[in-house]
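See structure below.
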Amino acid sequence: MPTLSGSSAHPPTIVITGATSGLGRLAAIELARQGARLAITARDAHRADATRAAIDAARPGAEVRVFSADLTRMDDVRRVGQEIAAAYEQVDVLVNNAGLHAFEQRVTADGFPEMIAVNYLAPWLLTHELLPALTRTPGARIVNVASEASRRHGTLALPDDLTDTRLFTARGSSRVYGASKLLDIMFTLELARRIEDTGVTANCLDPGFNVTGLGRELRFAAALERMLRTLRIGDPSRGAGLIVRLATDPAFAGRTGGYYSARDARPLTPAHPGADPEWQRRLWDETERLLGA
């Protein structure tokens, strides 16, 4: 079993978003079992309390701190990043896991398309805010949850896709979700290149098909999830297991700029233009300009 080291002064500190449900919750529980102290972001206090109780049941006395944040609001993302950085001298691992698949267009208070804001802009900005704390930690890691749904992104358009608030149908939502996940992959690969001299690594993963939280906005989602669980389709433990491996496994120490599958952690090649360094640099520059970072 992979183990966490941290420093002699404290157990390893792991920041994880989207830990109140699904893959993130399973990963958080396992990371706590391994001895990590956790900083989790949450918008819903009741779900945060339930997650804390589940973690404590798995590892009594586990150190879990909840930071309130609405990841649709970029000012909130900046604030929570600064609060976490102030609370911990070092951060060993950042797991950007939070995400959603919306079946209709919603526009955030900042004027961004909601899926792009939560799935891509928020992870980019939170990483930006926590990089100083990560670079103070030898061997720190950044893990971004992407998806092979990125292959359904259609034709990527930069910078237009970052601010495109046109309406879409449930069927059309797949293209937007796919684009948001392709952006995560491109961001990770460009980030890995930019921080390669710091000792911090950055990798991303496809967690595979999972029933946990599947299509929350669909009327038949609960019934579908029960059926798939009965058929043992979409086991979320595989995806959560790879999150934990990328965050803690010594086999991934020093490995950076990778995109991995939940199936045996094999390397994946991103959909075009995800692997193109010029597109990656352009995305980074456009995001930096858009967020004023």
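All of (1) polar (S, T, N, Q); (2) in a loop (DSSP other than H, G, I, E, B); (3) closer than 28 Å to Pro250 by Cα hold for Thr155 with one exception: (3).
Just give me the residues in segment 177-200 being open to solvent by 10 Å² or more (accessible area, probe 1.4 Å), closer than 19 Å to Val91 by Cβ and outside any loop (DSSP other than H, G, I, E, B), in sequence order. Passing the criteria: only Arg194.
Taking each residue of segment 65-90 that is free of Cβ contacts under 8 Å to residues at least 60 places away in the same chain and more than 12 Å from Thr17 (Cβ to Cβ) and looking for partners that are among the aromatic types (Phe, Trp, Tyr) and assigned to a strand (DSSP E or B) with beta-carbon atoms closer than 9 Å, six or more apart or interchain, yields Glu83/Phe67; Ala87/Phe67. Check Val91, Val15 and return the single one that is over 21 Å from Gly239 (Cβ atoms), outside any helix (DSSP H, G or I), open to solvent by less than 20 Å² (accessible area, probe 1.4 Å) and of a type in the set (A, V, I, L, M). After applying the criteria, what remains is Val91.
For Ser173, indicate whether it is surrounded by 15 or more Cβ atoms within 10 Å (Cβ to Cβ) and either free of Cβ contacts under 8 Å to residues at least 40 places away in the same chain or under 15 Å from the mean Cα position of the chain (by Cα) (or both).
Criteria not met by Ser173.
Of the residues examined, His101 is one that is assigned to a loop (DSSP other than H, G, I, E, B) and open to solvent by 10 Å² or more (accessible area, probe 1.4 Å). So is Glu114 surrounded by fewer than 24 Cβ atoms within 10 Å (Cβ to Cβ), more than 20 Å from Arg193 (Cβ to Cβ) and in contact with a strand residue (DSSP E or B) (Cβ under 6 Å, 6 or more places away or on another chain) or not? Spelling it out, it is not the case that Glu114 is surrounded by fewer than 24 Cβ atoms within 10 Å (Cβ to Cβ), more than 20 Å from Arg193 (Cβ to Cβ) and in contact with a strand residue (DSSP E or B) (Cβ under 6 Å, 6 or more places away or on another chain).
The residue of segment 251-264 that is surrounded by the fewest Cβ atoms within 10 Å (Cβ to Cβ), among those that are touching a helix residue (DSSP H, G or I) at 6+ places or on another chain (Cβ under 7 Å) and closer than 17 Å to Ala192 by Cβ, is Gly257. Within segment 122-146, being among the polar types (S, T, N, Q) and within 25 Å of Gly111 (Cβ to Cβ) holds for Thr127, Asn144.
Quick test for you: out of Asn144, Asn119, pick the one residue that is in a helix (DSSP H, G or I), open to solvent by less than 10 Å² (accessible area, probe 1.4 Å) and closer than 27 Å to Gly208 by Cα. Result of the check over Asn144, Asn119: Asn119.
Out of all the residues in segment 50-74, which are part of a strand (DSSP E or B) and either open to solvent by less than 60 Å² (accessible area, probe 1.4 Å) or hydrophobic (A, V, I, L, M, F, W, C) (or both)?
Val64, Val66, Phe67
Applying the set (1) without any contact (Cβ under 8 Å) to a residue 40 or more places away in the chain; (2) in a helix (DSSP H, G or I) to Asp110 leaves exactly one unmet item: (2).
With the condition kept exactly as written, say whether any residue in segment 33-40 is surrounded by fewer than 19 Cβ atoms within 10 Å (Cβ to Cβ), among the small types (Gly, Ala, Ser), part of a loop (DSSP other than H, G, I, E, B) and at pLDDT below 95. No: segment 33-40 contains no residue that is surrounded by fewer than 19 Cβ atoms within 10 Å (Cβ to Cβ), among the small types (Gly, Ala, Ser), part of a loop (DSSP other than H, G, I, E, B) and at pLDDT below 95.
The values are calculated or read from the model by the stated rules, or taken from the named source; none is laboratory data. Quick caveat, the model's predicted, so the values are computed rather than measured. Every residue, glycine as well, gets a Cβ built from its backbone with ideal geometry; the counts of neighbours run over all protein chains shown. Note: accessible area is taken over every heavy atom of the protein model, side chains too, but ligands, DNA and RNA are not part of it. Shrake-Rupley method; radii C 1.70, N 1.55, O 1.52, S 1.80 Å.
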